[in-house]
Amino acid sequence: MNGRYLLDTNIVIAIFADETAVRQQLAGAGEVFVPSIALGELYYGAHKSARVASNIARVDEFAANNTVLVCDTETSRLYGNIKSELRAKGRPIPENDIWIAAVTTQHQLTLVTRDGHFNNVDGLLIDVW
């Protein structure tokens, strides 16, 4: 497998859990990126955990060792379009996931996720690890 991938939060959590199947997929990936939105979700999870400091340090290290994609004006345009299309279809998805879909679309990446609701976003390339 060779491609350009954006990791959803649940895939990063699987990496943290050292899931063999995910590690194998990652080893065969061409380029891998992480959206800043996923990092925010991970930091939130760290703050809710029993081991706040060590989990924050883990997210910090992950962020430092990966290419993080941030939102800009183009991301915002895509977000608005995606959210509008989802609303018209009556198929809303969580707000953070709309942002993740926008980043994926903007950079012409394949989103790696375990969330089926991303299938409601037209034209989004998805891979399930």
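Charge dipole (Cα centre; +1 on Lys/Arg Cβ, -1 on Asp/Glu Cβ; no other charges) of region 1-121 amounts to roughly 280 debye.
If a spin label sat at a point 7 angstrom from the Cα of Ala57 along the line to its beta carbon, the backbone N atoms of region 12-29 nearer than 20 Å would be those of 13, 15-18.
Given the rule -39500 (n - 2.57) for each run of at least 4 DSSP H residues, summed and divided by the residues of the chain, what is its mean residue ellipticity at 222 nm, to the nearest 500 deg cm²/dmol?
Value at 222 nm, helices only, nearest 500: -17000 deg cm²/dmol.
Between the amide H of Leu6 and those of Phe33, Thr110, Leu111, Val112, distances stay under 5 Å, these residues lying 5 or more places away or on another chain, with hydrogens modeled in the peptide plane.
May I ask you to derive the relative contact order of the chain, considering only C-alpha pairs under 8 Å and at least 6 residues apart, and to give it as an integer percent? That works out to 29 percent.
No lab work stands behind these numbers, since they all come straight from the coordinates. Keep in mind it's a predicted model, so treat the numbers as computed, not measured. Quick reminder, even Gly has a Cβ in these numbers, built from the backbone with ideal geometry, and neighbours come from all protein chains shown.
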